[in-house]
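Derivation of every value follows stated rules applied to the coordinates shown; laboratory data play no part. Source: prediction; values computed, not measured. Here Cβ is always computed from backbone atoms with ideal geometry, including for glycine, and neighbour counts include all displayed protein chains.
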Amino acid sequence: MIIEIKFKTYNTLTKFFFVLVIILSVGFSCRQTDTKHQNNIAGESVHEASARYKLNFMSPQINQVFKTGQAINLQVSAIDSTDQPDSIQFLVDGKRINGVKKTLESATWNTENAKVGEQNIEAVAYYGSNTKGQGNIKVRLVSGTPEIYYTYKIVKAYPHDPSAYTQGLIFSDNYLFEGTGQYGQSTLRKVKLSSGEIMQVYNLPNEVFGEGIATFNDKIIQITWQEQVAFIFDKTSFRLLNKLYYPMKEGWGITFDGTYLIMSDGSANLYFLDKDYFTEVSRLEVCDNHGPVQRLNELEYIEGEVWANVYTTDTIVRINPKTGVITGKIDMSGLLKPEDRTSNVNVLNGIAYNSLTKQIFVTGKNWPKLFEINVFQKRR
């Protein structure tokens, strides 16, 4: 009898335990389901809020082209017309360009002295709940400045090594410094102006193709075409001091404006680089009245402007380094006479400037002559 009672008691307790486990499991599962459901609702709310507060640009239109100097109307509309923003801010490439607007009324962007090229316009709306709404659009600015066309007059012709595939040219300390290209033939040279005599030379490794050169802080930097490496030399001894690497896939021309090294890569861009670390600080897209100007090659900084050879042409462009606007074009056609053109003669390339005497020197790849020129406005 005693044994039977104990057995019944044990059986009852076992059943109670299993029922309790089932209840707890169901309760935990329900709570998980409720939590997941709540999370799903919250997730949907975030998604809906994101869509709800999105801004659409009514003006300007995507990829619309404007000229500098134009006033551009900026206006957006909110997706949710029932919840209007308290204020709205317009920015161009991250910089505020207009005061805060209290409604969705239009704003005006005055593009006078603005940088040319592709521009990202962003609108940020603010709501009382600290919610933000955003929208953005890309447009393009080209030069609205009337271009000035120039021609030249030869002051004097000097001998030039016809085997020099000229990629970079500078004038410093009464000598020309020249960077030459081609695999297995790339050099850095110090040249006597009057005779074309090579006073000093450094032969770059055969596996690199030398490009433009610039001088700064008693150093000379020479970039390379596709090797993404720049060589830093002592200006006096030509001793190799360092090698620096850069992210641009190609190096074409380089110059120094007193603060930054300015580099071209064959595109319409100019890259402003830290002179010590060769890291990119900023960039400009160069445009004329029609749009971007590609194949910017050898560069020279002259009296606040960047002059650039346009590869495969007889044109040198004068660029405002603050805006990217081409302010002038120099027609250099006919500079090298037919009798001086041999089968090896290549395109115009190489600009040097004597800042003390204001002399301008130009030459080309494998040209037998180098010219001092005066530049003056062309009658059209």
Checklist entry - Amide H to amide H, which residues 5 or more places from VAL347 or on other chains are under 5 Å from it, using H placed in the peptide plane? => result LYS365
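Based on Cβ point charges of +1 for Lys and Arg and -1 for Asp and Glu, what charge dipole magnitude is obtained for region 132-213 about its Cα centre, in debye rounded to the nearest 20? All intermediate terms of the calculation are to be shown ahead of the outcome.
On the way: 8 positive and 7 negative charges, 94 e Å.
Dipole magnitude for region 132-213 comes out near 460 debye.
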Checklist entry - Ranking GLU178, GLU197 by Cβ neighbours within 10 Å, fewest first, what do you get? => result GLU197, GLU178
Item to check | Phi to ³J(HN,Hα) by Karplus 6.51 cos²θ - 1.76 cosθ + 1.60 over region 346-355, Hz, x for Gly, Pro | outcome: 10, 7, 4, 5, x, 10, 10, 9, 9, 5
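What does the net charge come to around GLU305 if you take all other residues with beta carbon closer than 11 Å to its beta carbon, with K and R at +1 and D and E at -1? Let's see the in-between values first.
Details: positive: ARG318, LYS322; negative: ASP257, GLU300, GLU303.
Result for the local shell: -1.
Relative to 2.2 N^0.38 Å, what does the C-alpha radius of gyration of region 148-377 come to as a ratio? Two decimals please.
With N residues counted in region 148-377, Rg over 2.2 N^0.38 Å equals 0.93.
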Item to check | Size descriptor, Kirkwood hydrodynamic radius, that averages inverse alpha-carbon separations across region 142-212, Å | outcome: 14.0
Item to check | Selection from GLN61, ASN98, LEU141, by position along the positive dipole direction of region 58-142 (Cβ) | outcome: LEU141
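Given all pairs of different Cα atoms, what value in angstroms does the Kirkwood hydrodynamic radius of region 139-261 take? Mind dumping the intermediate values first?
On the way: mean 1/r = 0.0634 Å⁻¹.
One over the average 1/r among Cα pairs gives 15.8 Å for region 139-261.
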Checklist outcome for this item: Note, region 107-120: 3J(HN,Hα) by Karplus (6.51, -1.76, 1.60, θ = phi - 60°), whole Hz, Gly/Pro = x, goes 10, 10, 9, 7, 8, 4, 6, 6, 6, 8, x, 5, 10, 9
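Distances longer than 25 Å among the Cα atoms of region 256-380: what percent of all pairs is that?
Values: 2046 of 7750 pairs.
That tail contains 26 percent of the Cα-Cα pairs.
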Item to check | region 210-303: chymotrypsin sites (Phe, Trp or Tyr not before Pro) in DSSP loop, at most 14 other beta carbons within 10 Å | outcome: TYR277
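About the Cα centre, and with charges only on the beta carbon of Lys, Arg (+1) and Asp, Glu (-1), how big is the dipole of region 58-142? Nearest 20 debye, please. Working shown, then result.
On the way: 9 positive and 8 negative charges, 59 e Å.
So the dipole magnitude of region 58-142 works out to roughly 280 debye.
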Next on the checklist: Using Cβ contacts closer than 10 Å as the measure, can you line up TRP109, TRP367 from fewest to most?
Outcome noted: TRP109, TRP367
Item to check | Net charge over other residues, Cβ less than 13 angstrom from the Cβ of LEU244 (K, R count +1; D, E count -1) | outcome: -1
Checklist outcome for this item: Binned at 5 Å starting from 0, the alpha-carbon pair-distance distribution of region 58-142 in whole percents comes out as 3, 14, 27, 26, 15, 9, 5, 1, 0
Checklist entry - On the first, second and third principal axes, largest extent first, how far apart are the outermost C-alpha atoms of region 220-291 in Å? => result 46, 26, 18
Item to check | Flagged links, alpha-carbon separation over 22 Å, of LYS67/LYS101; LYS156/LYS378; LYS138/LYS275; LYS249/LYS369 | outcome: LYS67/LYS101; LYS138/LYS275; LYS249/LYS369
Checklist entry - Around TYR165, with a cut-off of 13 angstrom between Cβ atoms, what is the net charge of the other residues, counting Lys and Arg +1 and Asp and Glu -1? => result -2
Checklist entry - With contacts defined as alpha carbon pairs under 8 Å and 6 or more residues apart, what's the relative contact order of region 114-264 in percent? => result 13
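Counting other C-beta atoms within 10 Å, and keeping those with at most 11, which DSSP coil trypsin sites (Lys or Arg not before Pro) do you find in region 211-317? The partial results should precede the final answer.
On the way: sites: LYS219, LYS235, ARG239, LYS243, LYS249, LYS275, ARG283, ARG295; in loops: LYS235, ARG239, LYS249, LYS275, ARG295.
Passing sites in region 211-317 are ARG239, LYS249.
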Checklist outcome for this item: The set of residues whose placed amide H lies less than 5 Å from the amide H of ALA164, leaving out same-chain residues fewer than 5 positions away, is ASN366
Next on the checklist: Residue by residue through region 324-339, what is 3J(HN,Hα) from phi via Karplus (6.51 cos²θ - 1.76 cosθ + 1.60, θ = phi - 60°)? Round to whole Hz and write x for glycine and proline.
Outcome noted: x, 6, 7, 8, x, 10, 9, 8, 9, 4, x, 5, 9, 5, x, 5
Checklist outcome for this item: The rounded separation in angstrom of the Cα centers of region 101-122 and region 327-370 is 41
